[in-house]
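These notes concern the structure reproduced below.
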Amino acid sequence: MARSAYSYMAMWYRKLGREVHERLMRKVLIEWRRAPSIVRVERPFRLERARKLGYKAKQGVVVVRVRLIRGPFNRRRPDSGRRPKRMGVYGIAAWKSWRQVAEERAARKFPNLEVLNSYWVADDGMYRYFEVILVDCNAPTVRSDPLYSGICGREAPRRRVARRLRERQKKTIEYLKKTLLPKLKTGQ
(Lines give C-alpha, C1' and ligand atoms only; values in the text may rest on other atoms or scores of the structure.)
Protein backbone atom coordinates (compact mmCIF):
# COMPACT_ATOMS: atom_id res chain seq x y z
CA MET A 1 0.00 0.00 0.00
CA ALA A 2 1.32 3.44 -0.90
CA ARG A 3 2.23 5.81 1.92
CA SER A 4 0.48 9.14 2.23
CA ALA A 5 2.15 12.52 2.06
CA TYR A 6 1.36 13.02 5.76
CA SER A 7 3.30 9.89 6.71
CA TYR A 8 6.34 11.23 4.86
CA MET A 9 5.96 14.59 6.64
CA ALA A 10 5.84 12.87 10.01
CA MET A 11 8.86 10.71 9.14
CA TRP A 12 10.82 13.80 8.05
CA TYR A 13 9.97 15.58 11.28
CA ARG A 14 10.92 12.56 13.46
CA LYS A 15 13.97 11.18 11.70
CA LEU A 16 15.66 14.43 10.77
CA GLY A 17 18.90 14.69 12.73
CA ARG A 18 18.90 17.00 15.71
CA GLU A 19 21.75 19.13 14.37
CA VAL A 20 20.11 19.56 10.96
CA HIS A 21 16.78 20.34 12.58
CA GLU A 22 18.32 22.97 14.86
CA ARG A 23 20.03 24.67 11.91
CA LEU A 24 16.78 24.79 9.95
CA MET A 25 14.75 25.95 12.93
CA ARG A 26 17.18 28.66 14.08
CA LYS A 27 15.86 31.31 11.68
CA VAL A 28 12.25 30.37 12.36
CA LEU A 29 12.69 30.48 16.13
CA ILE A 30 14.33 33.92 15.98
CA GLU A 31 11.21 35.23 14.22
CA TRP A 32 8.90 33.48 16.67
CA ARG A 33 10.78 34.95 19.65
CA ARG A 34 10.24 38.49 18.34
CA ALA A 35 6.54 37.89 17.71
CA PRO A 36 3.86 38.22 20.44
CA SER A 37 3.33 35.27 22.78
CA ILE A 38 -0.03 34.28 21.25
CA VAL A 39 -0.22 34.60 17.45
CA ARG A 40 -2.83 33.42 14.99
CA VAL A 41 -1.05 31.62 12.15
CA GLU A 42 -2.23 31.15 8.60
CA ARG A 43 -1.43 27.42 8.40
CA PRO A 44 -0.08 24.88 10.89
CA PHE A 45 3.68 24.34 11.14
CA ARG A 46 3.26 20.56 11.52
CA LEU A 47 0.48 19.85 9.07
CA GLU A 48 0.43 16.05 9.54
CA ARG A 49 0.04 16.41 13.33
CA ALA A 50 -2.67 19.04 12.99
CA ARG A 51 -4.63 16.88 10.53
CA LYS A 52 -4.38 13.93 12.89
CA LEU A 53 -5.87 16.03 15.70
CA GLY A 54 -8.84 17.32 13.70
CA TYR A 55 -7.61 20.36 11.75
CA LYS A 56 -9.28 21.13 8.42
CA ALA A 57 -8.42 24.07 6.16
CA LYS A 58 -11.89 25.57 6.23
CA GLN A 59 -13.65 28.66 7.47
CA GLY A 60 -14.12 28.61 11.24
CA VAL A 61 -11.03 26.52 12.05
CA VAL A 62 -8.16 28.60 13.46
CA VAL A 63 -4.59 27.71 14.43
CA VAL A 64 -2.83 29.72 17.13
CA ARG A 65 0.83 29.50 18.16
CA VAL A 66 1.43 29.96 21.90
CA ARG A 67 4.82 30.73 23.42
CA LEU A 68 5.50 29.67 27.02
CA ILE A 69 8.53 30.54 29.13
CA ARG A 70 10.49 27.46 30.11
CA GLY A 71 11.99 27.05 33.51
CA PRO A 72 11.52 25.38 36.85
CA PHE A 73 8.47 25.66 38.99
CA ASN A 74 10.08 28.21 41.30
CA ARG A 75 9.13 28.43 44.94
CA ARG A 76 10.57 31.06 47.30
CA ARG A 77 13.04 29.73 49.85
CA PRO A 78 11.87 30.16 53.45
CA ASP A 79 13.82 32.63 55.60
CA SER A 80 13.69 30.69 58.86
CA GLY A 81 16.21 27.94 59.52
CA ARG A 82 15.50 24.33 58.63
CA ARG A 83 17.29 21.55 56.86
CA PRO A 84 17.26 21.63 53.05
CA LYS A 85 15.02 18.58 52.80
CA ARG A 86 12.24 20.47 54.60
CA MET A 87 12.66 23.75 52.73
CA GLY A 88 9.85 22.85 50.31
CA VAL A 89 11.81 24.12 47.32
CA TYR A 90 12.97 21.02 45.43
CA GLY A 91 10.91 18.23 43.92
CA ILE A 92 7.81 20.35 43.42
CA ALA A 93 5.94 19.46 40.25
CA ALA A 94 3.52 21.77 38.46
CA TRP A 95 -0.12 20.67 38.48
CA LYS A 96 -0.75 21.39 34.82
CA SER A 97 1.16 20.27 31.77
CA TRP A 98 2.71 22.80 29.39
CA ARG A 99 0.20 21.80 26.76
CA GLN A 100 -2.76 22.50 29.00
CA VAL A 101 -1.40 25.93 29.98
CA ALA A 102 -1.00 26.75 26.26
CA GLU A 103 -4.58 25.69 25.55
CA GLU A 104 -5.95 27.78 28.42
CA ARG A 105 -4.06 30.88 27.31
CA ALA A 106 -5.30 30.50 23.74
CA ALA A 107 -8.88 30.04 24.99
CA ARG A 108 -8.55 33.19 27.12
CA LYS A 109 -7.25 35.20 24.16
CA PHE A 110 -10.01 33.99 21.80
CA PRO A 111 -13.14 33.70 24.00
CA ASN A 112 -15.55 33.06 21.10
CA LEU A 113 -13.63 29.94 19.96
CA GLU A 114 -13.52 26.42 21.42
CA VAL A 115 -10.26 24.53 21.84
CA LEU A 116 -10.19 21.41 19.70
CA ASN A 117 -6.67 20.14 20.45
CA SER A 118 -3.02 21.16 20.59
CA TYR A 119 0.46 19.82 19.93
CA TRP A 120 4.10 20.66 20.62
CA VAL A 121 5.97 22.50 17.87
CA ALA A 122 9.44 23.53 19.07
CA ASP A 123 11.71 24.40 21.98
CA ASP A 124 14.59 26.78 22.32
CA GLY A 125 16.68 27.90 25.27
CA MET A 126 14.03 30.19 26.72
CA TYR A 127 10.65 29.24 25.30
CA ARG A 128 8.44 26.28 24.44
CA TYR A 129 6.02 26.60 21.51
CA PHE A 130 2.66 24.90 21.02
CA GLU A 131 0.07 25.20 18.30
CA VAL A 132 -3.56 25.15 19.44
CA ILE A 133 -6.40 24.29 17.06
CA LEU A 134 -9.52 26.37 17.77
CA VAL A 135 -13.00 26.04 16.28
CA ASP A 136 -15.66 28.72 15.79
CA CYS A 137 -18.92 26.98 16.67
CA ASN A 138 -21.01 29.71 15.05
CA ALA A 139 -19.49 29.26 11.58
CA PRO A 140 -21.92 27.44 9.25
CA THR A 141 -19.13 25.34 7.71
CA VAL A 142 -18.23 24.02 11.16
CA ARG A 143 -21.83 23.46 12.24
CA SER A 144 -22.54 21.32 9.18
CA ASP A 145 -19.37 19.20 9.63
CA PRO A 146 -20.03 15.95 11.57
CA LEU A 147 -16.41 15.87 12.78
CA TYR A 148 -17.01 18.87 15.05
CA SER A 149 -20.50 17.90 16.26
CA GLY A 150 -19.11 16.75 19.64
CA ILE A 151 -17.77 20.23 20.29
CA CYS A 152 -20.30 22.43 18.55
CA GLY A 153 -23.48 20.36 18.89
CA ARG A 154 -26.49 21.45 20.91
CA GLU A 155 -25.76 19.24 23.89
CA ALA A 156 -21.99 19.93 23.80
CA PRO A 157 -20.85 21.83 26.90
CA ARG A 158 -19.07 25.16 26.45
CA ARG A 159 -15.51 26.00 27.51
CA ARG A 160 -14.15 22.44 27.47
CA VAL A 161 -10.60 23.57 28.18
CA ALA A 162 -11.59 25.13 31.50
CA ARG A 163 -12.81 21.75 32.71
CA ARG A 164 -9.80 19.90 31.27
CA LEU A 165 -11.79 17.59 29.00
CA ARG A 166 -9.17 16.04 26.77
CA GLU A 167 -8.95 12.85 24.73
CA ARG A 168 -6.96 11.11 27.46
CA GLN A 169 -9.67 11.74 30.04
CA LYS A 170 -12.38 10.76 27.60
CA LYS A 171 -10.61 7.45 27.02
CA THR A 172 -10.40 6.90 30.77
CA ILE A 173 -14.12 7.61 31.17
CA GLU A 174 -14.98 5.20 28.33
CA TYR A 175 -12.76 2.52 29.86
CA LEU A 176 -14.40 2.93 33.27
CA LYS A 177 -17.86 2.74 31.70
CA LYS A 178 -16.94 -0.52 29.97
CA THR A 179 -15.45 -2.11 33.07
CA LEU A 180 -17.55 -0.73 35.95
CA LEU A 181 -21.05 -0.55 34.49
CA PRO A 182 -21.38 -4.29 33.77
CA LYS A 183 -20.21 -5.03 37.33
CA LEU A 184 -22.71 -2.58 38.83
CA LYS A 185 -25.57 -4.01 36.76
CA THR A 186 -24.84 -7.58 37.86
CA GLY A 187 -24.46 -6.48 41.50
CA GLN A 188 -20.89 -7.64 42.14
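Taking only the Cα atoms of the stretch 27-161, the ratio Rg/Rh comes out at 1.10, with Rh defined as the Kirkwood radius. Using only the C-alpha atoms, the convex hull of the stretch 77-129 corresponds to 139 Å³ per residue. Full extension of the chain segment joining Asp123 with Ser80 gains 11.7 nm, where the gain is 0.36 nm per residue of separation less the Cα-Cα distance. When only the Cβ of Lys, Arg, Asp and Glu is charged (+1, +1, -1, -1), the dipole of the stretch 30-121 relative to its Cα centre reaches about 420 debye. Using a 1.4 angstrom probe and counting only protein chains, how large is the accessible area of Trp120 in Å², to 10? Solvent-accessible area, nearest 10 Å²: 90 Å².
Ranking Val66, Gly91, Tyr129 by how far each Cα lies toward the positive end of the dipole of the stretch 61-141 (charges on Cβ) leaves Gly91 at the top.
Near Val41, once Lys and Arg are set to +1 and Asp and Glu to -1 for all other residues with Cβ below 9 Å from its Cβ, the sum equals +1. Can you tell which of Val101, Pro78, Tyr55 lies farthest toward the positive end of the dipole of the stretch 50-102, using +1 and -1 charges on the Cβ of basic and acidic side chains (Lys, Arg; Asp, Glu)? The one lying farthest along the dipole's positive direction is Tyr55. Between Thr179 and Arg108, the distance separating the two model label sites (each 7 Å from Cα on the Cα→Cβ line) works out to 3.5 nm. Think of a 1.4 Å ball rolled over the protein heavy atoms: the stretch 28-68 then has 57 Å² of accessible area per residue.
Please sort 97-107, 42-52, 22-32 by packing, taking for each peptide the average over its residues of neighbouring beta carbons within 10 angstrom, highest first.
On the way: 97-107: 19.4, 42-52: 16.1, 22-32: 12.9.
In descending order of packing, they fall as 97-107, 42-52, 22-32.
Each Cα pair under 8 Å and six or more residues apart adds its separation to the average, and for the stretch 1-138 the resulting relative contact order is 27 percent.
Solvent-accessible area of Asp79, all protein chains in place: 130 Å² (probe radius 1.4 Å, heavy atoms, ligands and nucleic acids excluded).
The values are calculated or read from the model by the stated rules, or taken from the named source; none is laboratory data. Since the model is a prediction, treat every value here as computed from it, not as a measurement. Heads up, the Cβs are rebuilt from the backbone with ideal geometry, glycines too, and the neighbour counts pull from every protein chain shown. Please note that ligands, DNA and RNA were not included when accessible areas were found on the heavy atoms of the full protein model with its side chains. Shrake-Rupley method; radii C 1.70, N 1.55, O 1.52, S 1.80 Å.
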